[in-house]
Amino acid sequence: MISKSSIMKSIATILKGTVPVFAIFATVQCTSTSGVSAADEKTFIVGPQTADCTGVAPMKCLQVKEKPTDNWSNFYTNIEGFTYEPGYEYIIKVKTEKVENVPADASSIKYTLIKQVSKTKK
């Protein structure tokens, strides 16, 4: 028969090995997992209308600027997670990521919506 003290010693031995693992796991999990630094984050103002533009072929481009005083510029790529609705001006925060080995007709930057700050009827 197994004694209570040998079971307790076994449990203590197991815990000695697992506590450091859990401590490392908890430390890793408590660090920022977003991976977004301020340099990788942009705020865009998206205009209420799209504009005709030409990428590989004629298309409609979002009208985007980073500051209210900037002029609108064509935005040729999509923003993952962002659903545009004509007639509204948006302020959005996006994450930018460099993309490796992109085709000549594609953007070398991937844009992903972090947060829609506002949506105003225009």
Checklist outcome for this item: By residue number, the members of the range 47-72 that are part of a strand (DSSP E or B) and either touching a helix residue (DSSP H, G or I) at 6+ places or on another chain (Cβ under 9 Å) or farther than 20 Å from SER118 by Cβ (or both) are ALA51, ASP52, CYS53, THR54, PRO58, MET59, LYS60, CYS61
Checklist entry - Say we look at the range 73-85 and pick out the residues that are in contact (Cβ under 8 Å) with a residue 12 or more places away in the chain and either among the hydroxyl-bearing types (Ser, Thr, Tyr) or in a strand (DSSP E or B) (or both); which of these is farthest from MET59 (Cα to Cα)? => result GLU80
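Yes or no, residue by residue, for (1) surrounded by 15 or more Cβ atoms within 10 Å (Cβ to Cβ); (2) under 17 Å from ASP40 (Cα atoms); (3) in contact with a Lys or Arg (Cβ under 6 Å, 6 or more places away or on another chain):
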{"site": "ASP70", "(1), (2), (3)": "no, no, no"}
{"site": "ILE79", "(1), (2), (3)": "yes, yes, no"}
{"site": "GLU89", "(1), (2), (3)": "yes, no, yes"}
{"site": "LYS95", "(1), (2), (3)": "yes, yes, no"}
{"site": "SER108", "(1), (2), (3)": "no, yes, no"}
Checklist entry - Among the residues of the range 86-110, how many are farther than 15 Å from GLY55 by Cβ and either within 19 Å of the chain's Cα centre (by Cα) or in a strand (DSSP E or B) (or both)? => result 14
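All of the numbers you see were taken from the coordinates with simple rules; none came from a lab. These figures come from a predicted structure and were not determined experimentally. For neighbour counting, all protein chains shown are included, and Cβ atoms are generated from backbone atoms with ideal geometry for every residue, glycine included.
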